[in-house]
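In what follows, a single structure is set out as structure tokens and then discussed.
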Amino acid sequence: MSKLFNQYKSLKEKDNEKVYLFKSGIFYIAIDEDAQFLSNTIGFKLTNLNETTKKCGFPVSRIDYYKKIFDIGNINYELIEKSQVNVDLKNNDLNKLITNLSNLDFDNITYKQAFEILQNASNKIKQICNY
């Protein structure tokens, strides 16, 4: 989560007035000062992200409800759908795929094997890009 926290800090430096909600799995979470603000304003329960940082959140399925609450309360917020953590994970998976492909001996495989390798690589790329 340190990469997420670093992204949060970077965003807060650009616009400290916004509440940033990060999509994390099936939840949107707010961290640090934003979590404290939402806890005080809306009553979200705070939990520990780590020893020094608090978080709070709600299920992604409730986003329309909370958008209304934020709008009624004039809360300036931004949804961060793809965090830097996800970008790093994608890059890591793509690097593994590239390494695996570059280690193949294409001079010693059949056309069928080459086709299957390319088809599997294509499917893996689609999977990686649709986190």
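Of the strands (runs of 3 or more DSSP E) lying entirely inside segment 1-62, those containing at least 3 residues that are buried (at least 17 other Cβ atoms within 10 Å of the Cβ) and not β-branched (Val, Ile, Thr) span 19-24, 54-59. Go through (1) assigned to a strand (DSSP E or B); (2) hydrophobic (A, V, I, L, M, F, W, C); (3) surrounded by fewer than 16 Cβ atoms within 10 Å (Cβ to Cβ) one by one and return the number of the condition Ile69 breaks. Against the list (1) assigned to a strand (DSSP E or B); (2) hydrophobic (A, V, I, L, M, F, W, C); (3) surrounded by fewer than 16 Cβ atoms within 10 Å (Cβ to Cβ), Ile69 comes up short only on (1).
The residues of segment 34-53 that are within 19 Å of the chain's Cα centre (by Cα) and within 15 Å of Asn6 (Cα to Cα), listed by number, are Asp34, Leu49, Asn50, Thr53.
Readers should treat all values here as calculations from the given coordinates under stated rules, not as data from a laboratory. Note that the coordinates shown come from a computational prediction; the quantities given were computed from them, not determined experimentally. With ideal geometry, Cβ positions are generated from the backbone for all residues, glycine too; neighbour counts draw on all protein chains shown.
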